[in-house]
Amino acid sequence: MKFDLENPLTGFDGDEENGAVSALFAGESDHMPSFFSFKSTDVRFSIRHHSFTLISQAQFSYNIDRVTAYLAFNYIDRFLSKQVVLENKQWIVRILVIASLSLAAKMRSINLSISHIINPISDSMKKQFEQRTEGLIFDLQSVHRMESLILATLNWRLRSITPFAFLQFFNSLFELSESSASQSLEDRASDIIFNSHYEIKLLKYKPSVLAASAFLCAAHELIPEQVSFFLDAINSKCEHIYKEQLLNCWSVMREITTDEVTSSSLTPNSVLDQEHTSSQSED
């Protein structure tokens, strides 16, 4: 049976499913970056910001699905939290992003032509960085070397457990009578997970806590009268989730989802504007 990174519980039933759920909770910490590695004054903090910008642009330009983009960003966060990076250079950020996207696509068996995005990630990014990247060309060999470094740093653990892996489980706890409402809730939770993944405050929470918080945010938007029921269901039926952590994470996530300014900053054009402003400041 093929392992599905987005829906790892598919195909299990009865005791097998219970074992699979327990395995997810037991292994999720192995795929988390170190929150304390990213300080606002550290070069890794800046590289993380630039990486998010480039992945967002690549996703928009090359129609990369969001689970692959999220997985690539997980690799980058984990890589940066374990590697000492001394300089915030555009070539470092670009080859890190390209290699991470390549590895994520391979893990999800998606045909992503890396050769098409090696030089520069998009025409608009080329215009912004053409003076600083002139003569700098990444070949496949360079990307493969970076892939090898990422693999070694992450101990070859690329089958990352992300919040998407827990959506099916938490949705099953709520026992909604209408399947359409259940699907809408899961779809909205998935949106919230992806749209909030740039927020560094969320790095300290486990994927399961992020998934549960996203469901609570989705319920608050779609069926607010059910929020207390969902919260009770999570607390009573899931021994792996600590209530205080869940409430804290939910609070942060609600701020993100209700902030119109933050939401507008996720559009490709505004992301590029932010990156352009940052580049001018560096110059």
Pairwise label distance in nanometres, D191 with Y62, each label 7 Å out on the Cα-Cβ vector: 2.7
Where W250, W91 fall by accessible area, highest first, once all protein chains stay in place (1.4 Å): W91, W250
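Looking at this model, which pairs from K89/K206; K82/K243; K82/K201; K39/K237 are more than 27 angstrom apart at the alpha-carbon? Don't skip to the answer; put the middle values down first.
Values: K89/K206 30 Å; K82/K243 29 Å; K82/K201 18 Å; K39/K237 36 Å.
As for pairs spanning more than 27 Å Cα to Cα, those are K89/K206; K82/K243; K39/K237.
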Heavy atoms of Y70: accessible area, 1.4 Å probe, square angstrom to 10: 30
Estimated FRET transfer efficiency (K201, S179; beta-carbon r; R0 30 Å; 0.05): 0.30
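Sort E255, E28 by accessible area with a 1.4 Å probe, largest first. All intermediate terms of the calculation are to be shown ahead of the outcome.
Numbers: E255 110, E28 0 Å².
So, going from the largest accessible area down, we get E255, E28.
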Heavy-atom accessible area order for S184, S51, largest first, 1.4 Å probe: S184, S51
Computed label-point distance, nm, for sites L140 and S29 using a 7 Å Cα→Cβ extension: 4.1
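The values are calculated or read from the model by the stated rules, or taken from the named source; none is laboratory data. Everything quoted here is computed from the prediction, not taken from an experiment. Note: ideal-geometry Cβ built from the backbone for every residue, glycine included; neighbour counts use all protein chains shown. We work out accessible area using only protein heavy atoms, side chains counted, and drop any ligands, DNA or RNA first. Shrake-Rupley method; radii C 1.70, N 1.55, O 1.52, S 1.80 Å.
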